[in-house]
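Asker: Sharing a structure below in structure tokens format, with a few things to ask.
The values are calculated or read from the model by the stated rules, or taken from the named source; none is laboratory data. What you see is a predicted model; the values in this text were computed from it and never measured. Neighbour counts run over all protein chains shown; Cβ positions are idealised from the backbone, glycine included.
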Amino acid sequence: MFDLIINKDTWKKMDKQQQTVVEMSCKAAMLDGLAQGEAIQFPVMKENAEKGVQNRYWSDEMLGQFSSKWDEVVAEESAKDPEFKKIYDNLKNFRSDYRVWNEWAFLPRPGTERIKK
């Protein structure tokens, strides 16, 4: 479970200890979910490989086309819907900040590049 919605009035009626229990439970569920999600990937990938499935990366050309088309959709939707633009701008800022972590969080692998200073 990655989402939990609680009525705001109900939340406000909870004491600090109850709120903390809910928050800690959500964090634990998220951690378990992420760990289990990672752990169940490789057996399936190995089974698929045994059946002849090949995992491949998209080519730079295809990724460029996807990105270009997505940029067109974003421009169209942003022009029509201010809320879409606000949300997408927020996501874009997050991705920019996330890029720093992504470049340094893992050992080098295909698809990662270290910033050269």
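Asker: Of everything in region 22-44, what is loosely packed, with under 11 Cβ neighbours inside 10 Å and under 30 Å from P110 (Cβ atoms)? Give them in sequence order.
Answerer: L31, A35, Q36, G37, E38, A39, I40, Q41, F42, P43, V44
Asker: Scan region 19-47 for residues that are of a type in the set (D, E) and touching a Leu at 6+ places or on another chain (Cβ under 9 Å) and report the count.
Answerer: 0
Asker: I've got another one for you. Might you check whether a residue that is farther than 30 Å from P110 by Cα, in a helix (DSSP H, G or I) and of a type in the set (A, V, I, L, M) occurs anywhere in region 1-21?
Answerer: Yes: one or more hits.
Asker: Now for a separate question. Cβ contacts < 7 Å: first residue in contact (Cβ under 8 Å) with a residue 12 or more places away in the chain, restricted to region 58-75; second residue part of a helix (DSSP H, G or I) and not aromatic (F, W, Y), any location; separation 6+ or different chain. Result?
Answerer: That search, which allows pairs on different chains as well, returns nothing.
Asker: A follow-up question, please. Of the residues that make up region 5-14, is at least one at pLDDT 95 or above and hydroxyl-bearing (S, T, Y)?
Answerer: Yes, region 5-14 has at least one match.
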